[in-house]
């Protein structure tokens, strides 16, 4: 039994033309200005912070919050790109170019990782030095594994995997655009499945090296999964936001049916629930275990003001979007779904902030979070600049994909 | 309104989903409301053409879910904090994070049971007898035929006039369906 589809739902707005070169140019110029502004604020605030507290660690950690966010957006895009090759479906064809452009930002992000390498001994004070610290034998492996040379070599490996996969997918999709059809789709599907496994392995170790190592005595086996799901939600919410912004323009306008919109909304709901499942599972296991070596992570994050942050996250990263995304009136309506997706993008930042910042002692500091926002803004501006540069160079739909005709036939 | 007490309605058979959809739209425009369409598979747009309204199902399922959540939590709270309070590993008696999985499961269970049985109840199922079973060709509604039935309880129903109206919609056959 299907219900009446509200006529004003989503895509009935008057048709607008394709996105022009001038419009792309304007977006890219604004993105660069935002990046420059964010960087200027970061440098000014960073300098004053350093003069006041003689503390460089905060600067690198704030950079890490912004960096982890945009890395999540790019890698989440890559995973969804692979996922849509493996599973098929109309949603994947509509999002493919956006996901490709998003994943391609991994290249500048690899360069932007260099500051993190410089900061390794400062941020990961305990083990992150260029000569591994000698410790008692039980922790010897950890000390070597988390030492700066090991982390650097591993980072090069992770980025090689990610950039390699993005390179292949983009190369093949360009060949498909140029008409070389044949086995292109087979190749993408063949790489997609093991690619997801490669991502799962690399992000497991990367999240341990870069985030979990901030508190090296603490460990949680579920943390990498929770981190990865956060990235997936980040990448998908970003791609969906861009898609919805473009959805009243050709070639999307007119091709999207209410059923497609429901699929987009339901997929977002699934990942909101997946995120909540992972986040709560970690909390539940630590709560039930009640062990002194696991507890501090949550004790730190539920006191001294952080209890309000975690309450806000539970409410607006899960409860509210969960309820909203159950409703067809939200999923079928372009503006409303856009608001939910954009809201979740904001919540991803707050969630990462809550994961990372409490690892530092902020006694007597009140405005360190401005540094996080400045770093996030600067990296975000660069991200959008590179992303739109990739997106505008290709048709927004994969016209030579054999499944596309099938999707568009239902107009 | 037709006063013939023995008549359930007029059943028109169509060749294709498109003609059925078209006929349903025309009937709705002509002011008929108490009617139903029968097809072997879901047809996009047909519920709109019939003027389907929103049902109370979502509200019922929400209530079912809330009942499940409250009862699931209350069950565990009563057991662990009221009926047999016991200190487990130094956690508070109301160790709420541990209650969440069962609370969630009961929410889903009661909500989905409400959905299944609520749907059956609101649809009036199971229904062992229906007047349309008098029409032998109606069994093809599950295979390859498309039907529109205007029921005699419709205020605008008038046997000759409605029959003429349906005849104008290009059906394969029109049948009078007894109660």
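Computed from the coordinates by the stated procedures, all read-outs in this text should not be read as laboratory data. If you're wondering where the values come from, they're calculated on a predicted model, not measured in any experiment. In this analysis, Cβ positions are derived from the backbone assuming ideal geometry, glycine residues included, and neighbour counts consider all displayed protein chains.
What residue among A:47, A:99, A:345 has the largest mean-square fluctuation in a Gaussian network model of chain A, using Cα springs under 10 Å?
Result for chain A, Cα springs under 10 Å: A:47 fluctuates most.
Give the Rg (one decimal place) followed by the Dmax (whole number) of segment A:119-275, computed from C-alpha coordinates and expressed in Å.
Cα radius of gyration and Dmax of segment A:119-275 are 20.6, 66 Å respectively.
What does the convex hull of the alpha-carbon atoms of chain A project to on average, in nm²? Walk me through the numbers on the way to the answer.
Details: hull surface 86.6 nm².
About 21.6 nm², averaged over all directions.
Based on Cα positions only, what radius of gyration and what Dmax would you give for segment B:24-179, in angstroms?
25.3, 82
Calculate the radius of gyration of the Cα atoms of segment A:64-127 to one decimal place, then report Dmax, the largest Cα-Cα distance, as a whole number, both in Å.
15.3, 49
Which three semi-axes in whole Å describe the equivalent ellipsoid of segment B:1-110, each the square root of 5 times a Cα gyration tensor eigenvalue, listed largest first?
56, 16, 10
Which of A:40, A:375, A:21 moves most in a GNM of chain A, Cα contacts under 10 Å?
A:21
Express the Stokes-Einstein translational diffusion coefficient of segment A:227-384 in µm² s⁻¹, to the nearest whole number, given a Kirkwood radius over alpha-carbon pairs, 20 °C and a viscosity of 1.002 mPa s.
124
Run the numbers on chain B and let me know its relative contact order in percent, using alpha-carbon pairs under 8 Å that are six or more apart.
51
More than 18 angstrom separation, counting every C-alpha pair in segment A:32-92; what % is that?
56
Principal axis extents for segment B:57-123, Cα atoms only, whole Å, descending order, please.
Cα spread of segment B:57-123 along its principal axes, largest to smallest: 51, 19, 13 Å.
Run through every distinct alpha carbon pair of segment A:173-231 and return the Kirkwood hydrodynamic radius in angstroms, one decimal place.
It works out to 13.7 Å.
Please give the Cα centre distance for segment A:316-372 versus segment B:41-55, rounded to the nearest Å.
Going from one Cα centre to the other spans 37 Å.
Among B:105, A:215, which comes first, second and so on when ranked by fewest other beta-carbon atoms within 10 Å? Could you put the intermediate results ahead of the total?
Details: B:105 12, A:215 17.
Going from sparsest to densest Cβ surroundings: B:105, A:215.
Rounded to the nearest 500 deg cm²/dmol, what is the calculated helix-only ellipticity per residue at 222 nm for the protein assembly as shown, with -39500 (n - 2.57) per DSSP H run of length n ≥ 4?
Values: 22 runs with 364 residues, N = 590.
That calculation yields -20500 deg cm²/dmol at 222 nm.
For segment B:1-62, rounded, prolate or oblate, judged on the Cα gyration tensor with a ≥ b ≥ c (square roots of eigenvalues), a/c < 1.5 rounded, else prolate if a/b > b/c?
Verdict is oblate for segment B:1-62.
List, largest first, the extents of the alpha carbons of segment A:206-261 along their principal axes, each in whole Å.
55, 18, 11 Å, listed from the longest principal axis down.
Express in % the proportion of alpha carbon pairs of segment A:134-215 at distances exceeding 14 Å.
Roughly 71 percent, rounded to a whole number.
Among A:24, A:275, A:210, which one moves the most in a GNM of chain A with springs linking Cα atoms closer than 10 Å?
Most flexible of the set in this elastic network: A:24.
Output needed: percent of Cα pairs per 5 Å distance bin for segment A:13-148, bins running from 0 to the one holding the longest distance.
Result returned by the calculation: 2, 8, 10, 13, 15, 14, 12, 9, 7, 5, 3, 1, 1, 0.
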